[in-house]
Each structure stands twice: as C-alpha cells, then as structure tokens.
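Structure, as structure tokens:
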Amino acid sequence: MEVHSQQEPRAVITIHGYDSFGNSYDIVAQIDTDFVPKPSFLLKTLGYFKNPQVAFVGTPQIYSNDSSSFIARGAAEQTYTFYGPILRGLYGMDMTY
C-alpha cells in the first residue's frame, strides 16, 4: 500500500490536492489535523469497499480528551448525539448517504 502524506502535505486538503493526486490512488483518506488515528484505522474502514456500490465511508468522531475541559466535553457530547440517535434515525428513514 502506498501512502501519500509527506510530499506536499497541505495539498491533500485542497481541491488542488485531489486534482493533482486523487487519480493516482484508489483510496483517499481525509483526516482532520487534530485527529490521531489508531494504527488499525484504515484496515477497519477499507473492508467496506469490497462492495462495489460503496464509494464513500464516513467514520464517527470519538474524543479521547473529553475530560480535559468543558469545551472538549461539550463537543464530544454533540457528536455522540449526532452519530448516535440522530444518524440512526436518519438511516431508519433511508435518509443517509
């Protein structure tokens, strides 16, 4: 597996980056700069692409610093609500992409 992360690291977060490098790769992982993925992150998400109808996979945000401040805890609780009951409800109504 070839990983593009060191050459022009800012390029992958811009449209120019996708235009320049996107056609060179089968899979592009877009990760926020404050996200620290576990070593198994890609292995656990790539399996969904075995289905030829899958073109995009989204993963939930999980905060590991939610006890460090009031703001971090509030941000974490908002995402838990969205990725929990809200997204499940939308899925049940066939409204997720």
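Some values worked out for this structure:
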item	result
Contour excess over end-to-end distance, with Cα ends at Ser67 and Met95 and 0.36 nm allotted per residue	6.8 nm
Residue-by-residue Karplus 3J(HN,Hα) for the range 24-29, coefficients 6.51, -1.76, 1.60, Hz, glycine and proline x	8, 10, 7, 10, 10, 9
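Each reported figure results from applying straightforward, stated rules to the coordinates on display, with no laboratory input. Just so it is clear, the structure is predicted and the values come from calculations on it, not from any experiment.
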